[in-house]
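Student: If you scroll down you'll find the structure; I have some questions about it.
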Ligand code: CUA
C-alpha cells in the first residue's frame, strides 16, 4: 500500500513528542507541593514506600511482558499440562502470596512512626467552602484563630484535629506527609513531624464543589523559637491603620458590614462566618492560595470574590467605588 501523498506528516514524530513531554512530566515531581520532596520523616517514609512499590511494579511489568513474549513468540508450541500446573502454582499462588505478604509486613512496620502521638502544638483545622479555618490551642487554654495557612515548628510532632462544616474535604501537604479526610460532624486526627524549615503547599484532596481546585494553603515550617514568636504575634490584636487611606478603609470595613462575617480582633468586627482577618496582611496568600497579598490582590478579591473563586459565599462589593475598595484593600493589607 502506498502512502497518500496528500496526508500531512505530523509536525513532530511520536518519539520526539514523548521526549519533549518527559521534562514536563518530571518537572511536576519537583517543588513545594510534591510527594517526592520531603520536609520530614513522614513524607520520607511515604516516598520510600512509593519507590519500593514503583520498582516492584516495573520488575513485575517487565517480567510479565517477558513471559508473554516468550510464550507467544519464542516458544509458541503447546506446553504440557504439568508445566501449566507449575506455572499456576508458582506464578499464580506462591509468588503473589510471598510478594503481597512481604509488602503487607513492610507497610505495617511503617505505621507506628506515621501514627506516633504528637508532642507539639494542637491545631484544629476546619474545612469551609472553600477555605481553611485554623485554630491553635495554646497551653494556657486560649485559642488563636487564623485561616488558610498552617505554621509548624520543626522537630516536633504537631497534632491536627480535622473537621468540616458542610461536605467532605481532605487535608494534605504532600511534602509533609499523608492526607486525611475531614468529615462534617466528626473529628479525625493526624500528626505530622516536619523537620526541614521551608514553605510547602497544601491542597484539598477531596472533591468538595466547584472551587475545590482553589482550596489550597501554605504550610510554613519554622524554627521552634520563630514559631513561638509568630504564635504570640498572631494572638495579639490587630494593629491600628497606618495611613489615612487605611483608616478610611477601616471605617468602610465596619460600615459595610464586613464585621458580620469577619473578625478583626481589637475592633468591633467579631464575625465568625468567614476567615479571621486580624493578621491577614502577614499571610502568604489570600483566599486559600488563590491570590497574592498585595493591595491590588485584596482589591480584586473584595470587588468580586466569585470571579476568583466560583461559588464563594462572600458577596461582591462592586457597588463601592474603586477608591473605596482601594481603601479597604490598604487597610487589610496593613493588618500584619
Ligand atoms: Cu475542599 Cu476539595
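Student: Name, by its number, the condition in (1) under 24 Å from residue 34 (Cα atoms); (2) crowded, with 17+ Cβ neighbours inside 10 Å; (3) out of contact with any helix residue (DSSP H, G or I) (no Cβ under 7 Å at 6 or more places or on another chain) that does not hold for residue 130.
Tutor: (3)
Student: Does residue 273 meet the test of being buried (at least 20 other Cβ atoms within 10 Å of the Cβ), under 16 Å from residue 148 (Cβ atoms) and either out of contact with any helix residue (DSSP H, G or I) (no Cβ under 8 Å at 6 or more places or on another chain) or not assigned by TED's automatic domain parsing to the domain that holds residue 148 (or both)? So that I can check it myself, show each step before the final result.
Tutor: Details: buried (at least 20 other Cβ atoms within 10 Å of the Cβ): no; under 16 Å from residue 148 (Cβ atoms): yes; either out of contact with any helix residue (DSSP H, G or I) (no Cβ under 8 Å at 6 or more places or on another chain) or not assigned by TED's automatic domain parsing to the domain that holds residue 148 (or both): yes.
Considered against the rule, which asks whether it is buried (at least 20 other Cβ atoms within 10 Å of the Cβ), under 16 Å from residue 148 (Cβ atoms) and either out of contact with any helix residue (DSSP H, G or I) (no Cβ under 8 Å at 6 or more places or on another chain) or not assigned by TED's automatic domain parsing to the domain that holds residue 148 (or both), residue 273 comes out as no.
Student: Do we find that residue 135 is closer than 30 Å to residue 284 by Cα, outside any loop (DSSP other than H, G, I, E, B), away from the ligand (no atom under 16 Å from the Cβ) and without any contact (Cβ under 8 Å) to a residue 60 or more places away in the chain in this structure? Before you say what the answer is, go through the steps one by one.
Tutor: Values: closer than 30 Å to residue 284 by Cα: yes; outside any loop (DSSP other than H, G, I, E, B): yes; away from the ligand (no atom under 16 Å from the Cβ): yes; without any contact (Cβ under 8 Å) to a residue 60 or more places away in the chain: yes.
For residue 135, the condition - closer than 30 Å to residue 284 by Cα, outside any loop (DSSP other than H, G, I, E, B), away from the ligand (no atom under 16 Å from the Cβ) and without any contact (Cβ under 8 Å) to a residue 60 or more places away in the chain - is met.
Student: While we're looking at this one, here's another question. Filter the stretch 138-158 down to the residues that are more than 16 Å from the ligand (Cβ to nearest atom), surrounded by 15 or more Cβ atoms within 10 Å (Cβ to Cβ) and either over 17 Å from residue 272 (Cβ atoms) or outside the structural domain of residue 180 (by TED's automatic domain parsing) (or both) and list them by number. Working first, answer last.
Tutor: So in the stretch 138-158, the residues more than 16 Å from the ligand (Cβ to nearest atom) come out as 138-146, 151-158.
Applying the additional criterion that residues be surrounded by 15 or more Cβ atoms within 10 Å (Cβ to Cβ) yields 144-146, 151-158.
151, 152, 153, 154, 155, 156, 157, 158, listed by residue number.
Student: Suppose the filter is surrounded by fewer than 17 Cβ atoms within 10 Å (Cβ to Cβ), without any contact (Cβ under 8 Å) to a residue 40 or more places away in the chain and within 13 Å of the ligand (Cβ to nearest atom); does residue 244 pass it?
Tutor: Numbers: surrounded by fewer than 17 Cβ atoms within 10 Å (Cβ to Cβ): yes; without any contact (Cβ under 8 Å) to a residue 40 or more places away in the chain: yes; within 13 Å of the ligand (Cβ to nearest atom): no.
No: the conditions fail for residue 244.
Student: Could you say which residue among 102, 116, 77, 84 is assigned to a loop (DSSP other than H, G, I, E, B) and surrounded by 10 or more Cβ atoms within 10 Å (Cβ to Cβ)? Before the answer, list the steps.
Tutor: Numbers: 102 fails: assigned to a loop (DSSP other than H, G, I, E, B); 77 fails: surrounded by 10 or more Cβ atoms within 10 Å (Cβ to Cβ); 84 fails: assigned to a loop (DSSP other than H, G, I, E, B).
The match here is 116.
The values are calculated or read from the model by the stated rules, or taken from the named source; none is laboratory data. What you see is a predicted model; the values in this text were computed from it and never measured. All Cβ positions, glycine included, derive from the backbone under ideal geometry; neighbour counts span all protein chains shown.
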